Amino acid sequence: MIDSCAVETNGLITIEQALQKINQTITPVNHTERIALKQALGRILSTSVVSPINIPPDNNSAMDGYAFSSADIKPNQRFTLTLAGTSLAGRPFTEILKKNECIRIFTGAVVPEGLDSVIMQEHIERNGQQIIFPITTTAKQNIRLAGSDVINNTELLSAPKKLSSIDIGLVASAGIYDLVVKRKINIAFFSTGDELCPIGKSLKQGHIYDSNRYLLSGLLDNNNFNISDLGIIADDKQLIEDTLISAAKTHDVIITTGGASVGEADYIKEILDKIGDIGFWKIAIKPGKPLAFGKIKDCYFFGLPGNPVSVIATFHKIVTPALHQLAGISGEKPFFIRANCTSHLKKQKGRQEYQRGILTQHESGEFFVESAGKQGSNIMSAMSKANCYIVLPSDCEGISAGQTVKVEPFATYI
């Protein structure tokens, strides 16, 4: 049997052209909100953050030991200082030190004014209150100076930035408890098809369970999104149209699965022609050729294919960069490596393919990849086993075992 999707290329645009069209169409959200720091993980910073303090705020010890003044060092000989007290983290030593005195100090504790050096506790000898320092004592060591990490009134984080747990820790170290971030994007999604059955119900002959909504719910699990699951919409042209118009009034993005092909009951393109604008329809990739992108008034629309593997691939390659642009996420690009392919891969010329693969790394550091199994756009079992895409360009006509291929790890999308 000939795969008509594999040989048809007329009217298709490349993935690069599709992404360029999206880039030219989408305007990032400009509304912001102020949120508590604990709620900021993964959000997009809208206003750059300036530290109101030095970090650390005081000179402090980098280790457990004894703090002293380098002026008391006796060159090329041992010397003895009198122990005057102790500085603990959170409980600094506050008395005035005299010449030839030192203090016991612990990691993170404030180094008193006038002292500029710390020696490790293992390097001294103690005789009662007398601390004996070795010949090798070094001046001005083992102290973290105030502002050595961040100086007061300097920038901690630049906007826009997707906030990591490390970023949140950095901001917290400056005593900042809230941030201004981009507002969340409101996204609605639904599946179309009379053949779809909700999970939990018995299948009738000719029906399949609707997995796509569960796929999308997981793919859209992002702290920058508010998502609305609109359920399964039957193959009813008017019902689909009404659902799209209603959802477009209250959402920034609508994502549908199914109905974007050329079957008699595939209505998405026809409806979008009527109520909105089509940016493109059909792209030269596999899986995922029948994909529609456009707008319904101010709402962006993505009509994804019905087969679940196609949903995943088109979401990764088309929808993800679009949502990132809309949310204000910048600078994130797919991560590629080269790997030795241990499988023979079939491919027909015409479309760029994203075959599902299993990537491994040998102890030598060399990467190897093999096919995850059958490559049909309905084969979810192979997709579940895979951890990467094997990217085959449009002019490729197959890969022999032993050839080097371009690989895109799924970790790119986590």
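Here is how the numbers come out for the structure above:
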| read-out | value |
| --- | --- |
| Residues (among the hydrophobic types (A, V, I, L, M, F, W, C), touching a Gly at 6+ places or on another chain (Cβ under 9 Å) and either over 27 Å from Ile245 (Cβ atoms) or in the same structural domain as Leu45 (by TED's automatic domain parsing) (or both)) located in the stretch 182-231 | Ile208 |
| Which numbered condition Lys317 misses (of (1) farther than 30 Å from Asn30 by Cα; (2) under 26 Å from the mean Cα position of the chain (by Cα); (3) not aliphatic (A, V, I, L, M)) | (1) |
| Counted residues, the stretch 187-216 - those being modelled with pLDDT of 95 or more and more than 32 Å from the chain's Cα centre (by Cα) | 0 |
| Count of residues meeting criterion [over 30 Å from Ser46 (Cβ atoms) and of a type in the set (Ser, Thr, Tyr)] in the stretch 124-159 | 3 |
| Filtered residue count, the stretch 24-41, keeping only those that are within 19 Å of the chain's Cα centre (by Cα) and modelled with pLDDT under 95 | 2 |
| Number of positions in the stretch 242-258 that are among the β-branched types (Val, Ile, Thr), farther than 16 Å from Thr192 by Cβ and surrounded by fewer than 20 Cβ atoms within 10 Å (Cβ to Cβ) | 1 |
| Looking only at the stretch 76-132, and only at residues there that are on the phi > 0 side of the Ramachandran plot and loosely packed, with under 11 Cβ neighbours inside 10 Å, the one that is modelled with the lowest pLDDT | Asn76 |
| Selection count where residues are free of Cβ contacts under 8 Å to residues at least 12 places away in the same chain, among the small types (Gly, Ala, Ser) and in a strand (DSSP E or B), scope the stretch 77-129 | 0 |
| Strands (runs of 3 or more DSSP E) contained entirely in the stretch 338-414, each with at least 2 residues that are over 26 Å from Thr257 (Cα atoms), touching a Ser or Thr at 6+ places or on another chain (Cβ under 8 Å) and in contact (Cβ under 8 Å) with a residue 12 or more places away in the chain | 367-371 |
| Test result for Pro308, within 18 Å of the chain's Cα centre (by Cα) and either closer than 25 Å to Ile185 by Cβ or surrounded by fewer than 16 Cβ atoms within 10 Å (Cβ to Cβ) (or both) | no |
| Of all residues in the stretch 353-376 being of a type outside the set (A, V, I, L, M, F, W, C) and over 26 Å from Ala284 (Cβ atoms), the one that is surrounded by the most Cβ atoms within 10 Å (Cβ to Cβ) | Thr360 |
| Hits in the stretch 152-208 (condition: assigned to a loop (DSSP other than H, G, I, E, B), touching a residue at least 40 places away in the same chain (Cβ under 8 Å) and among the acidic types (Asp, Glu)) | Asp194 |
| Ile278 surrounded by fewer than 18 Cβ atoms within 10 Å (Cβ to Cβ) and among the β-branched types (Val, Ile, Thr) | yes |
| Filter pass, Ser48 being under 27 Å from Leu157 (Cβ atoms) and at pLDDT 95 or above | yes |
| Any hit, the stretch 130-141, residues being touching a residue at least 60 places away in the same chain (Cβ under 8 Å) and of a type in the set (A, V, I, L, M) | yes |
| Ser51 being crowded, with 17+ Cβ neighbours inside 10 Å, more than 30 Å from Ile103 (Cβ to Cβ) and of a type in the set (Ser, Thr, Tyr) | no |
| Flag for Leu219 being touching a helix residue (DSSP H, G or I) at 6+ places or on another chain (Cβ under 7 Å), modelled with pLDDT of 95 or more, surrounded by 12 or more Cβ atoms within 10 Å (Cβ to Cβ) and under 20 Å from Glu270 (Cβ atoms) | no |
| Single residue of the stretch 130-139 satisfying the filter (polar (S, T, N, Q) and in a loop (DSSP other than H, G, I, E, B)) that is nearest to the chain's Cα centre (by Cα) | Thr138 |
| Sole exception among (1) closer than 22 Å to Leu215 by Cα; (2) of a type in the set (A, V, I, L, M, F, W, C); (3) exposed (fewer than 12 other Cβ atoms within 10 Å of the Cβ) for Ile379, by number | (3) |
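The values are calculated or read from the model by the stated rules, or taken from the named source; none is laboratory data. Note that the coordinates shown come from a computational prediction; the quantities given were computed from them, not determined experimentally. For neighbour counting, all protein chains shown are included, and Cβ atoms are generated from backbone atoms with ideal geometry for every residue, glycine included.
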